[in-house]
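All of the numbers you see were taken from the coordinates with simple rules; none came from a lab. These figures come from a predicted structure and were not determined experimentally. Cβ placement follows ideal geometry from the backbone for every residue including glycine, while neighbour counts extend to all protein chains displayed.
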Amino acid sequence: MARYLEAKCRLCRREGEKLFLKGGKCYSDKCPIETRPYPPGMHGQGRRAKVSDYGTQLREKQKVKRIYGLQEKQFLRCFQIADNTDGVTGLNLLQRLESRLDNVVFRMGFASSRTEARQVVRHKLIKVDGHIVNIPSYNVKVGALVELVDSAAEQLRVKASLEAAGQRGIAEWLDVDLTSQKGVFRELPVRDQLDPSIREQLIVELYSK
């Protein structure tokens, strides 16, 4: 599968806001979006061209893809499932993205970023309802128990992530015990609990063309 291998901070600068792709660095004064809040490249500081409606919709889709770390085919598949599910398509899409195992691992504080969460999952350090799952895109069901395997507790990156999570706080729709390193996906998040900067209706409009 194709992967983005260049500096992730360039993605934040391209979208003009923090996407929290680099874990602790995003919360520090070392974050480039603080010192260079303009698009990357030699013409990044030049006069910005007027963006069309299509361009605005495309940028919003790109931003959400980058936040959750998905490629185009993966993102389109999530949208198609959301569109075929009863309810509001935009909210269905965000709930589907939040239900991915890599995202749940990140939200529970078992990893400092979604990129690291995917590594933790692929390295078979996560159990769902007592069974090891190494598929980052696995759809976590409401009520599922997600926990770290015993050997993961000795890894420095996991210890650092748990400490940071204790300071950062846990998402409202999750019940997490950082001491025992396990948590329950209690319920699907409602819209008010999700990032208000995401304009999912623009993505719906884009794919509806």
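Arrange the peptides 138-146, 88-96 so that the one whose residues have, on average, the most other Cβ atoms within 10 Å appears first.
On the way: 138-146: 15.2, 88-96: 19.7.
Averaged packing, sorted descending, gives the order 88-96, 138-146.
Suppose a student asked you for the relative contact order of the stretch 65-209, using Cα pairs under 8 Å spaced at least 6 residues apart; what percent would you report? Spell out each step's value before the answer.
Working: 194 pairs, mean separation 32.1, N = 145.
Normalised by residue count, the contact order of the stretch 65-209 is 22 percent.
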Can I get the semi-axes of the stretch 83-181's equivalent ellipsoid? Compute them from the C-alpha gyration tensor as square roots of 5 times the eigenvalues, in angstrom, largest first. 24, 15, 12
From the cross-link list 127/159; 141/182; 61/127, which pairs have alpha carbons spaced over 19 Å apart? 61/127
In whole angstrom, and with the biggest value first, how far do the Cα coordinates of the stretch 125-209 range along each principal axis? 49, 29, 22
